[in-house]
Amino acid sequence: MSAPTDLPPTTLLLQEVQTVTSAMRRNQRWASSSSAGFTTSQAPLPPYLHAARVRKKHGLASGKRGRTSLDGGADEGDLMGGFIELRRSLGETKDITALSPLDLAQPFLALIRSQLTSGPITSLALTSLHALILSVLPIYLTPPPTSVGPSTPLQVALAHITSALSQCRFPSSSPQQDELVLLRLLRVIEALATPLPYPNQYPSASGTASMLEQMGDESVCELLEVGLGMLARARLSEGLRNTAQSCVQVIVRACFTRLKHQTPEGVEKLLKAGREAEVEREEKERNAKAKDKLETPEEPEKRGIVADTGTDANVHGPALNGLPSEGTRASLSEDIDDTPPPFTPYGLPTILELLRVLIALLNPSDQAHTDSMRLAALAILNTALEVGGSSLGDWPELCEGVRDEGCRYLFQLTRSDSPLLLAQSLRTTSTLFSTMLPHLKLQLELFLSYLIDRLTPPTPSPLPLHLLNAASRPASPAASVGESAANTDNQPSGAATPADVATPAASTPRPISLLPPVPGETKELMLETLTQIALRPSFMVDLWTNFDCSTESEDLFERLVGFLTRGVYPLGPPKPDGSSNLFDGLDAAQLLSLEILLSFISAMNDRLEDGSDDWPSSAPSSEELVGRKGRKGILLTGAAMFNAKPKNGIAFLEKQGLIAPSADDEGTDDEKRQKAIARFLRSSTRLDKKLLGEYISRPDQVELLKAFIGLFDFKGKSIADAMRELLETFRLPGEAQPIARITETFAAHFFSFAPPEIASQDAVYVLAYSVIMLNTDLHNPQNRKRMTIDDYKRNLRGVNDGKDFNPEYLASIHESIKKREIILPEEHVGQPGFDYAWKSLMQRSRTAGAMIVCNADVFDESMFRLSWRPLISSIAYAFTMSAQDEHVIQKAITGFRQCATLAGHFHLPEVFDTIVLSLASATGLLEDDERYETATFPVVEKENQSVTVSPLAIRFGQSYRSQLATVVLFTIAKGHGGAIREGWLQLFEMFQTLFLHSLLPSPMLQMEDFLAGTTTIPMKSAQPTLAPERRPEGGLLSTLSSYLLSPYGSSNDALVIETSDEDVENTLVAVDCLSSCKLEEFYAEILTLELDALLPALRAIRHLAESRTTAKLQVRTERSETGSPRQIRFEGQLPYDPACVFHLELMVSLATRGKEHIAETWPVIFEYISALLGSAQSYSVLLIERAVVGLLRLCLLVSETPSLRDQLYLALDVLRSLPSSALNAVSEQLMAGVARILEKDSTVVKSQTEWGLIIALFRATVAHPEASKVTLEIVQKMASGEGPGLTADNFGGVVALLDEFATAAGAAAAGRVQGRRAPPQTALGPAVERGLTALDSLYELRNAIPQLIESATTSSNHDAWNAFWLPPLLVLSKQCVNGCRDIRQRAISYLQRLLLSPQLLSGDQSTLPMIFDRVLFPVMDELLKPQVYERDPQGMAETRLKAATILCKIFLQYVVRLVESDAVVGLFVRVLDKLERFMRGEKDMLNEAGESLKNVILVMHSSGLLLPPAATGTATGGAAAEDTRSEEQKNLWASTAGRIERILPGFLAEALPAGPSGAGGVAGDKPAATGPATPKASLDKERKVPGS
């Protein structure tokens, strides 16, 4: 076997003996001692004898000091002899294990125990004992016993060692020397608790073990008693007491570590075996004692003495009683059986006694203990809880003490004014809840409520109304009434103690209003404690499930969240200068509150991401808890109504089902109802107890009063206890009659239990009254003379049914009331009040059940829904106020992210809005009052990129908080854009700011165009302002002139600001930060928003856009200098604002990307664009152009939705209503958009009204040089049958449009001629080209008209001809007098072709007169007008000639068809009239047109229409020939012959000579035979007219 040290144990012992004996010999007391005297000394008793304890217990004494005692103790010589004997034994023994450990230690123990030994020698003995324990006794170490058995030598030795240490006493020499001895003693105790290795003979025992494991309960308690005794001695130095505390903590740690590895079943079995062995041992001792008395009478000189040393260093402290005494197992004489006593390892009894002593030391009402002792007790208790707090719950006997008196005293100490005591008590409280929480449900509620109440400012009160009432907050109670009473028996009633309380509602020792304000340091300590308690991930879940979902508890989760969120904000008074503390940053208390809130959010987020625990099957289901939460809300409402008006509250609760009869109730329905109400009134703690007493004592509530008192079980209780139980449930009314009703009802119910000593119900009534009066008399502080027992007996003479009560019975009542006041609700003050509150709490704790502790996510959504608003508000405030604290900023940002994650999971879009609102204000990117001026922002080239250096970019690059807030904001928004609603306004306002300062990515700066494709939004307008009137033509010079005259072309921009390198660097930081935000990805997400988020986004953009556009035009009211209001309207034009274009492009892009939602998004944008276009002249050209383009882009989508077709035409109507100046400016884009619409769906326009809008837009662009091209191209396609084609609905409009093009060409040509003095050039202008193209398209209509006529729904061919053929003929006839020669010529040519076309020639005969009346004759009339002729004198002459020729040709072609018509005569006459007017003075026309007229005349003659009269006679004088012509022929000749003669003199006589037989002559037949060929040949000839 190897020793713990390299030095042999024998050598070590001899050295220690030498050291001690050398010191003893130097002492005068042992200087004369000889070795001879040592040989006669009495040998020590057997090791197991505990002589010192026997002497102390039985009081054995010797009459002479220094005599040898029965314990082996010795006089001065014997003390030295023990060492001599030990030296001899060591010399004679080769194996030290042959000697018992007690033999080795006994001489040292005798020195330590002896009262005669001086301090230095005792110190040496303790040092030697310390070496013995560490280096020698481990040789005897065996595995720790697990059962009761005979004591081993080591166990017996350790019992003697602990006994000697507990009885260590020595004469006091000096404080320093005394403390050195005590310090050596503590070192010995620590050595006993030091882990030591096992000897080699136990190879199976691994690890280490301490000597404590070889001790019994009494030995360990003796060691604890020594340490606690030193702690109790205030005169010892603080260092020594700290060492003693550390020593006790070491033992406590070992004890509670041992407890963790024990089971209740094993300990019970061990204790039972120990008790049985003890009984057997005591039986043997009694037998031996009886035998000793019979054989040898006890001699007085044999008794041990208790040395009187005067001043000594006794170390006794608080007694640890109640344990099996090993001293009782000691023998009284050497003759007692020397069998080693049974050994029971220490365990539960030691811990039970230790906790009892520690808890007793915490009692703040016990004046015998000082604060320093309480500090030490708190530290030791904290150590115990740290090591084995979690296992205390497995031992009801241990747990009950901690739950009751432990918590009770501990909570009172948390109110201490001593900073040290407060800090240690709070630390112990934190440890308590961290380790024993499942068993401290109501204690946690009480403590948290106290912290919240204590740390919350007095006003406003954080408590709901029901919690401000007496006994409304759940209170809790002592384990037994008797014990609670015993603790208060010695305290004066109403005395102010550290545990003063106002009401049980507060469950705190005194009203918060009476306590001084919490110092900042104290507040931090309390919040740190709360932080430690809340570290558990399930903390908030536990509060919710155990308290908020309990009808008997307050909403602790809600209160705590409200308290913590308020705690993030400053609560101090204003500064002396009156300013607020809101912007001073966060102090330590605010940071602690924030930390708890963030840990709550983090725990929920962890449960979401990493999973949570399963809900325990032993706990109520989550559905049941949700139901309780709902019932609790109803209960709170009902209680509040009851406290306002009881009748209404009861009716409400009955309606809600919270008051309902039980199935076990008997009696009538009314009786069952009264019982149900009574049960509720008794069980609810949220009712106003005063109001409750008044209500049940009303005359109309007698039945309810009976039912209420009938709920009490008074069996076996005294009347004092019965009255106490009754009056604790309500406050006794102050009037006599209600009291009488209550007392009478009580008397009847109490007497029903047949109480002893009471003869009748009336006697109960009188006795009950006497109890009330006695309670008032004995406990009223204003009453100086108290009622004695004799007075009480005298007052009750003869009231017990004519007899006196038993005096002892009355005395017991008097004593009960005297010791325990009947405390009425709302009168609980002082220590009795707190005792009452604690008693109530403990009573509730027995039925409240264990606390549910589960880190489950079942209720996370409910908790988050309830708390997210104040949470985010608090985080936002902390973030805003911590500009320089990067740690707080990072924590706050993490909180925001986690809130966003939770909100996304729980589908709470409003959370994102709040986060956006909170972070947006911290970014510094919201719009400020600075006006936007691009010129003030210089652009520099840096790192191959153009950087706009603006003040905002510089500020942003300098602010770490702004950058972090921006990154987090867009990170959150980017992933949850679909959940944002109200936050879009801030997001787009930030976009607006970034846009104005050129900080947005390029994809967000683009605008789509019908003409130029995708371009970038210009920061400055390069377009002229809207002209007041439309100009028909615009040239290059006019365009440049208008641009130079516009405000955008002026050179009055502000000077460029110089920039420093630092400014450029900060701007680059800003650019990098915004690049990390990936705004282009967020923008892409915005473009794909669903409808729920899309509409709010559009409304937000519209709001920003309106604030910069339409809102500025609204009439505003201002006060004039005289004070009278006046309305001011904006006049003029707003300057170009690129942000407005940015907003417009955003809105249109959002709507066009979400095609499926166009029906919902259309109204939002259309209303805004309509408002813009309605005041088009007040805005810049570019903005109006973008509005038009945006509207048309939306119309492209609308055209695809049949249900929105009507909206398309509303939009087109808005465009049509634009002022001419605006319309001219946007015509090109307008026509491009309309063309795109028509190309996309040719059937989009169907009705005549719709086509009217389209045509109106077309006609508005005719004068525009570029837009007209698009318009004409569209019409050309329509005319050729492409695109939408021609229909009956649009035919008239197309014709009119082509007419306008031709007319515009004439106007343009006339303008050029007037603007130039030089002769006109041969090149045609663009307008003339378009006019000619329009005429070409008009002529092409001839191919489409037949199909139109076939599909027309007209009733007759005549109507169809009027609808389709007549309009183009009229237009051509109109253009025949156009001021432009080219237009006139082409119009006349096309008119001739149409009139001579087969389609018209084969038409209905009824239409022929209209060709002349409405087409040809009006042209002839116009050409005859002088003003028309003056337009182009040279060209008009030619036009007249062509017109006359056409007239003749057309008449010639149609004359055959007119033969049978009655209109031929009148028509021919009108033709002749027109020709006559044309040919007057026109020789050229006379020559050319005359030939045509001659052909007409000849054709008419050959057709038999124009016949001359017969000859009048012959030369031979015969009779005149008969005139055979019809009347029509006669009339025609008569009407036209004269006119023809004037036009063509002599032609009739030459071409049509009169025949001898008139119409029937040969001359009349000849043309008839050849006539048909002549007109045809003539017609064929005419069709070859040059220029046709």
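The values are calculated or read from the model by the stated rules, or taken from the named source; none is laboratory data. Everything numeric here is computed off the predicted structure, so don't read it as measured data. Every residue, glycine among them, receives a Cβ derived from its backbone with ideal geometry; neighbour counts consider all protein chains shown. The protein model used for the area step is the full one, side chains on, heavy atoms only, and it has no ligands, DNA or RNA in it. Shrake-Rupley method; radii C 1.70, N 1.55, O 1.52, S 1.80 Å.
Computed values, structure above
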read-out: Qualifying positions in region 1496-1531 - of a type in the set (D, E, K, R) and either at pLDDT 80 or above or under 25 Å from residue 1469 (Cβ atoms) (or both); value: 1523, 1525, 1527, 1528, 1530
read-out: Residue match in region 1392-1401 (condition: buried (at least 19 other Cβ atoms within 10 Å of the Cβ) and not hydrophobic (A, V, I, L, M, F, W, C)); value: yes
read-out: Tally, over region 1336-1358, of residues that are over 21 Å from residue 1398 (Cβ atoms) and not small (Gly, Ala, Ser); value: 2
read-out: Residue that is nearest to residue 1384 (Cα to Cα), among those in region 1251-1304 that are open to solvent by 30 Å² or more (accessible area, probe 1.4 Å) and among the hydroxyl-bearing types (Ser, Thr, Tyr); value: 1303
read-out: Pairs, first in contact (Cβ under 8 Å) with a residue 24 or more places away in the chain in region 544-567, second part of a loop (DSSP other than H, G, I, E, B) and among the basic types (Lys, Arg), C-beta under 8 Å, six or more apart; value: 554/473
read-out: Some residue of region 1050-1062 being in a helix (DSSP H, G or I) and either at pLDDT 50 or above or surrounded by fewer than 11 Cβ atoms within 10 Å (Cβ to Cβ) (or both); value: yes
read-out: Among the residues listed as 163, 173, the single one being open to solvent by 40 Å² or more (accessible area, probe 1.4 Å), small (Gly, Ala, Ser) and in contact (Cβ under 8 Å) with a residue 12 or more places away in the chain; value: 173
read-out: Any hit, region 177-196, residues being assigned to a helix (DSSP H, G or I), of a type in the set (Lys, Arg), modelled with pLDDT of 90 or more and open to solvent by 10 Å² or more (accessible area, probe 1.4 Å); value: yes
read-out: Single unsatisfied condition, residue 289 versus (1) at pLDDT 80 or above; (2) surrounded by fewer than 16 Cβ atoms within 10 Å (Cβ to Cβ); value: (1)
read-out: Any hit, region 380-392, residues being of a type in the set (Asp, Glu), touching a residue at least 24 places away in the same chain (Cβ under 8 Å), under 16 Å from residue 245 (Cβ atoms) and open to solvent by 30 Å² or more (accessible area, probe 1.4 Å); value: yes
read-out: Subset of region 964-979 [β-branched (Val, Ile, Thr) and crowded, with 20+ Cβ neighbours inside 10 Å]; value: 966, 968, 972
read-out: Region 413-432, residues that are surrounded by fewer than 24 Cβ atoms within 10 Å (Cβ to Cβ), part of a helix (DSSP H, G or I) and in contact with a Phe, Trp or Tyr (Cβ under 9 Å, 6 or more places away or on another chain); value: none
read-out: Single condition residue 961 does not satisfy, out of (1) modelled with pLDDT of 85 or more; (2) basic (Lys, Arg); (3) crowded, with 19+ Cβ neighbours inside 10 Å; value: (1)
read-out: Of all residues making up region 672-690, the number that are in a helix (DSSP H, G or I), within 41 Å of the chain's Cα centre (by Cα) and within 20 Å of residue 824 (Cβ to Cβ); value: 4
read-out: Some residue of region 140-160 being at pLDDT below 90, within 13 Å of residue 13 (Cα to Cα), open to solvent by less than 20 Å² (accessible area, probe 1.4 Å) and assigned to a helix (DSSP H, G or I); value: no
read-out: Residue in region 809-824 that is acidic (Asp, Glu) and closer than 30 Å to residue 444 by Cα present; value: yes
read-out: Residue tally, condition part of a helix (DSSP H, G or I) and either surrounded by fewer than 19 Cβ atoms within 10 Å (Cβ to Cβ) or basic (Lys, Arg) (or both), over region 1084-1095; value: 4
read-out: Members of region 792-818 that are open to solvent by 40 Å² or more (accessible area, probe 1.4 Å) and either farther than 21 Å from residue 751 by Cα or assigned to a helix (DSSP H, G or I) (or both); value: 793, 794, 795, 807, 808, 812, 815, 818
read-out: Failed item, numbered, when residue 639 is tested on (1) touching a Phe, Trp or Tyr at 6+ places or on another chain (Cβ under 7 Å); (2) assigned to a helix (DSSP H, G or I); value: (1)
read-out: Selection count where residues are of a type outside the set (S, T, N, Q), open to solvent by 30 Å² or more (accessible area, probe 1.4 Å) and in a loop (DSSP other than H, G, I, E, B), scope region 749-791; value: 10
read-out: Pair list, Cβ under 8 Å, 6 or more apart: region 255-270 residue in a loop (DSSP other than H, G, I, E, B), other residue open to solvent by 60 Å² or more (accessible area, probe 1.4 Å); value: 263/394
read-out: Region 1230-1250 residues that are over 19 Å from residue 1272 (Cα atoms) and in contact (Cβ under 8 Å) with a residue 60 or more places away in the chain, paired with ones that are open to solvent by 10 Å² or more (accessible area, probe 1.4 Å) and part of a helix (DSSP H, G or I) (beta carbon under 7 Å, 6 or more apart); value: none
read-out: Exclusive hit being open to solvent by 40 Å² or more (accessible area, probe 1.4 Å), closer than 29 Å to residue 1222 by Cβ and either among the acidic types (Asp, Glu) or without any contact (Cβ under 8 Å) to a residue 40 or more places away in the chain (or both), set 1156, 1145, 1106; value: 1106
read-out: Residue in region 447-458 that is under 24 Å from residue 853 (Cβ atoms) and open to solvent by 30 Å² or more (accessible area, probe 1.4 Å) present; value: no
read-out: Residue count for region 1174-1232, restricted to those that are basic (Lys, Arg) and open to solvent by less than 10 Å² (accessible area, probe 1.4 Å); value: 1
read-out: Close pairs from region 714-736: first more than 15 Å from residue 813 (Cα to Cα), partner part of a helix (DSSP H, G or I) and among the acidic types (Asp, Glu), Cβ under 6 Å, at least 6 apart; value: 733/694
read-out: Unmet criterion (only one of (1) touching a residue at least 40 places away in the same chain (Cβ under 8 Å); (2) crowded, with 18+ Cβ neighbours inside 10 Å; (3) under 24 Å from residue 662 (Cα atoms)) for residue 680; value: (1)
